[in-house]
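What follows draws every value from the coordinates through simple rules; no lab data is involved. These numbers come from a predicted model, not from an experiment. We place every Cβ from the backbone using ideal geometry, glycine too, and count neighbours over all the protein chains shown.
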Amino acid sequence: MEFFRIKKDIPFMRHALALNAVSLITFFAAVFFLWQNGLHLSIEFTGGTVMEVSYPQTAPLDSIRSKVEKLGYADTQIQNFGSSRDVMIRLPLQKDAEGKIISSADQSAAVMQVLEPATSGVKLQRVEFVGPQVGRELAIDGLMALLFVIIGIVVYLSFRFEWKFAVAGIIANLHDIVIILGFFAFFQWEFSLSVLAAVLAVLGYSVNESVVIFDRIRENFRKYRKMNTREIIDNAITSTISRTVITHGSTEMMVLAMLIFGGPTLFYFALALTIGILFGIYSSVFVAAALAMWLGVTREDLVKGDKKPDDVARNDDPNFGAQV
Amino acid sequence: MNRYPLWKYIVILFALLIGGLYSLPNFFGEAPAVQVSSAKPTIKVDLATQSRVEKILTDDNISNTGIFFESTGSVGSIKIRFNNTDIQLRARDLLQQKLNIDQNEPNFTVALNLLSNTPSWLNALNALPMPLGLDLRGGVYFLLQVDMKGAVQKKVTSLATDIRSQLRDKSIRQQGIERGQDSITLTFGSTEDAEKARTVLMTSQPDLIWQVKPTGLSPKLVGEFKPTALKEIQDNAVKQNIVTLNKRVNELAVKEPVIQQQGAERIVVQLPGVQDTARAKDIIGRTATLESRLADPIVSTIAIGETPPPGMDVFRFGETRQGVFKKSVIFSGDRITDASAGFDQNQRPAVNISLDAAGGRVMQEVTRENIGKPMGMILFEKGKGEVLTIATIQGEFGSKFQITGQPTTESANDLALLLRAGSLAAPMEIIEERTIGPSLGAENIEKGFKSLIMGFAAISIFMIAYYLLFGTFSVVALAVNLLLLISVLSMLQATLTLPGIAAMALALGMAIDSNVLINERIREELRNGAAPQTAIAVGFDKAWATILDSNVTTLIAGLALLAFGSGPIKGFAVVHCLGILTSMFSAVFFSRGLVNLWYGRGKKVQKLAIGQVWRSQEK
């Protein structure tokens with residue numbers, strides 16, 4: 001099998017302007033929804049209690065809702081989780097009359113007390129409580145981790161290539177992250193610690209996509225002395241596109257397996273990875289390379305003083321190595 | 001050119017052998033077992049106990065598949081493995097009956113447990129299965145924050161009592177002791193008294209820095225904690241709380257509990273496999289401290305809402321009343337060495353209490369002076385005191401005494417448990433809590449591994465269909481990657497969690513990237529007309545730089561998660577990082593070995609089975 005039978009280099013960069021306009025629009029849409037809707041942060045970041053309750057039959061959501069509301073807990077969220085028999089109850093941090101935080105042990109016990117008499121066989125599957133200071137710490141640690149990744153990658157890329165590539169690579173991939181976050185804001189999917197982990201893992205993963213293309217661009221600068229930057233980039237993308245699609249496809253197969261079989265706990269984790277992988281291909285191919293082009297990458301930036309005349313002769317000969 | 005020297009093959013074989021050996025224990029599963037451990041500090045579980053257990057079991061014809069003695073520090077435990085749960089339950093009941101002469105006061109706790117089925121020769125090699133996290137086997141997790149201000153405050157309170165009696169012994173008259181946040185201020189009638197007191201306290205209370213402040217007629221002596229002393233108080237508070245928590249957990253008879261310090265002022269408690277989570281929460285979450293004080297001899301209780309007499313503290317007592325207490329503390333819960341329910345001479349329920357020597361001395365002194373007056377026990381939870389009992393002092397007693405007045409034996413039992421579980425050196429607050437039901441845990445394992453297997457199968461089918469033999473090599477390399485990853489995690493005894501399984505799946509999904517890179521490069525070389533052997537060599541060489549690059553960027557993200565992640569994220573990050581490292585070995589070194597073994601021997605290779613290599617007509 002061979003999926004990619006490409007005769008000529010595809011002129012990706014001819015469409016760079018249009019493609020980048022598309023990503024710019026997506027980017028701004030994502031920023032808009034982030035600003036407008038905000039992220040639906042899980043209790044890991046906000047503090048609060050999550051309970052997972054399983055019913056023997058279909059869970060009566062309305063009656064659960066009214067029972068929990070009667071307890072006087074404000075801003076509760078009650079929804080199905082995984083199946084119609086499982087219910088997830090989210091309670092924000094509750095304060096008692098003296099302004100002290102009520103511990104989750106008391107809260108979940110109170111909720112179960114009103115639910116149990118109504119239906120027999122109700123089971124408390126899981127309780128998670130996060131106090132306010134832990135939530136704040138996790139949020140700060142999350143931002144620190146993001147910062148660390150960005151700095152680490154910029155430093156590595158500038159060391160490995162050149163600052164223009166580093167900047168182009170990091171902008172392209174941050175734009176992926178903003179788009180993932182935009183999706184989470186638009187659909188109000190729950191943004192939890194595991195989604196954050198997925199986002200950071202995807203950042204590292206799609207940067208390597210850019211690395212592969214940059215690597216090829218550098219190689220091409222050495223090889224094809226006569227091509228201009230645009231042609232070089234087109235050639236680099238064309239010759240790596242097959243690998244790009246196959247690799248991402250394979251990773252995506254694994255992620256899809258998690259999305260389908262992993263159950264509700266892994267669902268949003270896998271969803272964030274899916275969006276990240278899809279946009280990762282797009283941004284590495286179209287955004288990163290185009291940005292590098294516009295930042296004015298030249299042969300001299302990458303190839304420093306290693307001119308070998310017979311190398312040039314050899315590489316410019318398209319028939320070199322051909323067997324007759 | 002495509003030959004490995006012999007040593008490289010040996011390295012590969014060695015890695016496979018070690019990987020296989022250390023990942024093996026994970027596949028044996030677990031068998032029902034019974035765990036015998038000591039219920040009292042005075043009872044030791046040792047090899048003699050083991051032979052006793054063995055005898056009890058053989059006398060009743062209960063067959064087991066292994067008896068293991070384990071000891072961590074001075075605490076030993078015996079685990080007995082059985083074929084099925086029926087035998088396990090029978091053995092549990094039998095052991096509980098035969099080992100404990102007095103059923104009400106058991107010497108041993110006999111708990112149900114699970115034990116790995118791993119054969120003992122693997123255990124001897126230290127090859128153990130990965131422990132499962134709470135999200136995979138159910139249980140309770142708490143993160144407790146120790147209130148450091150509370151710890152210092154408690155120390156100040158107990159020092160104030162000590163200082164009062166020290167000065168009285170030396171007949172130095174003081175006019176008042178004032179307790180500050182982390183200081184004690186004494187007021188005296190004259191500067192000489194203050195100076196005298198300073199000399200005494202300098203040697204008896206070296207943790208404080210004492211300074212005389214001459215303020216008019218009543219000079220003050222101020223003692224402030226040294227910074228090193230403050231730190232020591234805080235360290236000790238955390239340590240003592242851990243000890244107390246251990247005691248409480250023992251009451252629950254949980255198998256393999258984890259209670260450890262995290263950071264300077266936090267304690268993690270993990271109780272795996274706990275079924276009755278509500279009770280566990282109740283006992284662990286009881287962030288209580290206990291104090292014994294003299295009650296107001298005139299009116300020991302008043303109704304809620306009434307104003308207390310000046311200079312007294314009031315605490316809630318039952319539904320409608322409040323207890324009125326003096327401010328000074330006779331002893332606090334950490335002085336209690338034992339408490340048990342029993343009966344007094346009139347067959348009424350009572351609680352027998354034993355105190356340590358220091359507690360007994362204070363108790364004697366106080367009771368001698370206060371016969372016929374009421375005293376009480378107050379339980380402080382989250383800064384609020386609740387009166388457990390108020391009783392009248394019947395006579396002078398020391399380190400052993402009895403509290404009567406409990407309405408039922410059950411309430412006497414409860415009070416005894418509360419007293420025995422000890423007090424905490426400082427109040428604690430639950431700041432994070434996770435409870436996972438056991439069935440959810442089992443479901444999580446199943447779902448996690450199902451997605452891993454499905455993903456692996458999908459990738460395998462695709463790789464083999466697309467790259468034929470080279471695809472097969474890649475799949476074998478991927479399987480080796482999984483094997484190595486599992487074995488490294490088992491060697492490190494990293495706890496396997498659901499995010500960990502997800503990271504494993506993701507690591508495999510990303511690791512295949514290296515093989516795709518290599519295979520695509522080889523195809524490209526072939527497309528450009530290279531000879532098969534050259535194509536292999538050049539393909540691997542050229543792909544290597546790219547593989548290294550891409551793994552470094554992924555590793556940067558992994559390390560960031562490792563450094564800043566906590567809890568579930570850390571589990572993810574550990575597997576993610578290790579997966580990248582093992583993939584470098586399997587995808588490059590190992591798969592090259594396979595290719596070399598296959599193609600390197602033949603002298604002339606005409607064609608590589610790497611799938612169709614399509615050539616543009618122009619070339």
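Key figures for this structure:
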{"quantity": "Relative pair counts by distance (%), Cα atoms of the protein assembly as shown, 20 Å bins", "calculated": "12, 34, 30, 17, 6, 1"}
{"quantity": "Shape metrics for the stretch A:122-172, restricted to C-alpha atoms - Rg then Dmax, Å", "calculated": "18.7, 61"}
{"quantity": "Simple spin-label estimate for residue B:8 and residue B:175 in nanometres, 7 Å along Cα-Cβ", "calculated": "9.2 nm"}
{"quantity": "Principal axis box of chain A, alpha-carbon based, largest edge first, Å", "calculated": "86, 44, 28"}
{"quantity": "Principal semi-axes in Å for the stretch B:29-117 [√(5λ), Cα gyration tensor, largest first]", "calculated": "19, 15, 11"}
{"quantity": "Order by protection proxy (mean Cβ within 10 Å, highest first), peptides A:199-209, A:276-286", "calculated": "A:199-209, A:276-286"}
{"quantity": "Shielding score for B:196-203, defined as the mean number of other chain Cβ atoms within 10 Å", "calculated": "0"}
{"quantity": "Mean separation of Cα contacts under 8 Å (6+ apart) over length of the stretch B:149-230, as relative contact order %", "calculated": "26 percent"}
{"quantity": "Hull volume in cubic angstrom per residue (convex hull over the Cα atoms of chain B)", "calculated": "231 Å³"}
{"quantity": "Test item: Cα-centred dipole of chain B, Lys/Arg +1 and Asp/Glu -1 on Cβ, debye", "calculated": "1680 debye"}
{"quantity": "Kyte-Doolittle mean at least -1.0, axial Cα span of 18 Å or more - DSSP H helices of chain A", "calculated": "A:16-37, A:132-160, A:163-187, A:193-223, A:229-261, A:263-282"}
{"quantity": "Normalised alpha carbon radius of gyration of the stretch A:20-159 [divisor 2.2 N^0.38 Å]", "calculated": "1.39"}
{"quantity": "Fluctuation leader among A:58, A:240, A:251 - chain A, Gaussian network, Cα springs under 10 angstrom", "calculated": "A:58"}
